[in-house]
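Peer 1: Below are the structure tokens for one structure; questions will follow.
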Amino acid sequence: MAYPYDLVAIDVDGTLVNSENRLTEGTKAAILDVLAHNIGVTLVSGRARLTMDPFVKELALTLPFISSSGAHIIDPVSNKTLYYSAMPTEVLSVIVQYAREAHAPIIFQESDRIFYEGSEEELHYLSEAYKIDITVADEFKAHFIRADDILHAHIEPVKVYMCQDPAIVQGIEAKLKQHHLPIYMTYSAPPYLEITSIHATKGEAIQRLAAQLNIDLKRILAIGDSRNDLSMFEVVGKRVAMGNAVPEVKAVADLIAPSNDQDGVAWTLRTIALQEEQ
């Protein structure tokens, strides 16, 4: 039997998991079915590596997966890092300056640690207002570290988050654009500005992975919901937006699936990935 795609690339938040941050049995069964038919599956997320590991293990994925919006690629079998693009210190200084001026909480993300500069009140407000668990899941809160001066935390972050009311964050984005820094900026949620190296996007990471696996980009099916998935959609052969995706993602998708609360990933896999080529 021949199938139209050799690899399925799946975003995590808003896509793989439902609104309760859970992997449903229907989605898990569909992914295991795809793997049983020798179609590769990888996860491509803005999350840090440590928060992706449980899903990789639960699904028994063996292909390299992509974390931190493309800044980190990991081989789950050997546990080796295949690519890691840290942000330069001079770039971080400019970003932090504007965040502090706007009183926007700052998050630095490494592969297994998350550093935060900001007040507890701001953190609570953002979590409640936008229904986002900024500290990630309960089991990872030990890795969430509060820093009084995040620039002196002696870390090499692969990604920086700034979170505040959307208008404030957009103002920071506009100021950063004036500096022509070697960075890539996108959004994973309205108040969440993601910043990585210009060479660290989901799209570039997918291209790196495809080259390593010797897979034609046209034979990759990508599923996503947020603006940080747009660079991935630009390079793959088939683009599927979740029913809960933002309008910009739906506008460039080839197909719109049911939402993440309606097992949209499972529907996509059974409707597209497991359909034999004619």
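Peer 1: Any residue in the stretch 223-230 that is closer than 23 Å to Tyr3 by Cβ and open to solvent by 50 Å² or more (accessible area, probe 1.4 Å)? Steps first, please.
Peer 2: To start, the set of residues in the stretch 223-230 that are closer than 23 Å to Tyr3 by Cβ comprises 223-224, 229.
When the remaining residues are screened for being open to solvent by 50 Å² or more (accessible area, probe 1.4 Å), the result is none.
No; the residues of the stretch 223-230 include none that is closer than 23 Å to Tyr3 by Cβ and open to solvent by 50 Å² or more (accessible area, probe 1.4 Å).
Peer 1: When the residues of the stretch 98-113 are filtered to those that are modelled with pLDDT of 90 or more and aliphatic (A, V, I, L, M), which remaining residue is nearest to the chain's Cα centre (by Cα)?
Peer 2: By that ranking, first place goes to Ala99.
Peer 1: Here's another thing I want to ask about it. Open to solvent by less than 70 Å² (accessible area, probe 1.4 Å) and touching a Cys at 6+ places or on another chain (Cβ under 7 Å): does that describe Tyr192?
Peer 2: Against the criterion (open to solvent by less than 70 Å² (accessible area, probe 1.4 Å) and touching a Cys at 6+ places or on another chain (Cβ under 7 Å)), Tyr192 qualifies.
Peer 1: Continuing with this model, one more query. Return the total of residues in the stretch 153-184 being within 23 Å of Ala9 (Cα to Cα) and either touching a Cys at 6+ places or on another chain (Cβ under 6 Å) or open to solvent by 40 Å² or more (accessible area, probe 1.4 Å) (or both).
Peer 2: The total comes to 1.
Peer 1: Further question: Pick out the one residue from Val56, Val12, Val41, Val94 that is surrounded by fewer than 18 Cβ atoms within 10 Å (Cβ to Cβ) and β-branched (Val, Ile, Thr). Walk me through how you get there before you give the answer.
Peer 2: Numbers: Val56 fails: surrounded by fewer than 18 Cβ atoms within 10 Å (Cβ to Cβ); Val12 fails: surrounded by fewer than 18 Cβ atoms within 10 Å (Cβ to Cβ); Val41 fails: surrounded by fewer than 18 Cβ atoms within 10 Å (Cβ to Cβ).
Step by step, each of Val56, Val12, Val41, Val94 is checked, and only Val94 is surrounded by fewer than 18 Cβ atoms within 10 Å (Cβ to Cβ) and β-branched (Val, Ile, Thr).
Peer 1: Let me ask you something else. Would you mind stating whether Asn18 is in a loop (DSSP other than H, G, I, E, B), polar (S, T, N, Q) and at positive phi?
Peer 2: Details: in a loop (DSSP other than H, G, I, E, B): yes; polar (S, T, N, Q): yes; at positive phi: no.
No: the conditions fail for Asn18.
Peer 1: To continue, here is another question. Suppose the filter is polar (S, T, N, Q), open to solvent by 10 Å² or more (accessible area, probe 1.4 Å) and closer than 19 Å to Tyr192 by Cβ; does Asn21 pass it? Please lay out each step first, then the result.
Peer 2: On the way: polar (S, T, N, Q): yes; open to solvent by 10 Å² or more (accessible area, probe 1.4 Å): yes; closer than 19 Å to Tyr192 by Cβ: yes.
Yes, satisfied.
Peer 1: Moving to a separate point now. I'd like to know if the stretch 24-31 contains one or more residues that are surrounded by fewer than 21 Cβ atoms within 10 Å (Cβ to Cβ) and under 17 Å from the mean Cα position of the chain (by Cα).
Peer 2: Within the stretch 24-31, none of the residues are surrounded by fewer than 21 Cβ atoms within 10 Å (Cβ to Cβ) and under 17 Å from the mean Cα position of the chain (by Cα).
The values are calculated or read from the model by the stated rules, or taken from the named source; none is laboratory data. Just so it is clear, the structure is predicted and the values come from calculations on it, not from any experiment. All Cβ positions, glycine included, derive from the backbone under ideal geometry; neighbour counts span all protein chains shown. Surface areas here come from the heavy atoms of the whole protein model, side chains and all, with no ligands, DNA or RNA. Shrake-Rupley method; radii C 1.70, N 1.55, O 1.52, S 1.80 Å.
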